[in-house]
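Each remark here refers to the structure printed beneath this line.
Nothing in this text is a laboratory measurement; each read-out follows from the coordinates by a stated rule. Since the structure is predicted, the reported quantities are computational estimates derived from the model, not experimental observations.
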Amino acid sequence: MASRSGSRRGAARSGVTPHPQAPIDQPLGHISALIAAGGHILVGRLDPIECAAIAYDGSTAVAMLHRKTAETIPQLLERLDAAVGQAWHTGSVVDDINT
């Protein structure tokens with residue numbers, strides 16, 4: 001079997017940076033910037049978790065939140081937005097699912 005040749009790709013991006021044109025001073029602005037920069041979010045059931053909100057930058061989970069008792073979906077999204085902003089500013093993943 002022939003081996004693959006060519007140079008290897010660089011290391012995966014370890015952090016996320018906001019999209020420069022995305023206004024982060026609007027409601028859910030960090031989530032909007034994340035999506036504009038090629039990221040995405042997931043909100044819903046992830047067995048055994050009844051409801052979670054996860055933000056990805058396209059290759060890495062930036063924030064992973066567990067919905068709190070009596071927390072509404074809009075409140076969860078606001079908390080996810082703040083967690084994405086925190087990840088951008090500190091460079092560390094916000095994770096209350098695996099902790």
Item to complete: Can you tell me how much longer the chain between residue 68 and residue 35 gets when fully stretched, taken as 0.36 nm per residue apart minus their C-alpha distance, in nm with one decimal?
Response: 9.5 nm
Discussion item. Restricting to Cα pairs below 8 Å that are 6+ residues apart, what does the relative contact order work out to for the range 29-95? Please round to a whole percent.
Written reply: 28 percent
Practice prompt. Name the long-range amide H neighbours of residue 37: under 5 Å, sequence gap of 5 or more, or other chain; modelled H, no Pro or chain starts.
Written response: 19
Response to the item:
Once amide hydrogens are built 1.01 Å from N within the peptide plane, the residues lying 5 or more places from residue 62 or on another chain with amide H under 5 Å from its amide H are 55, 56, 57
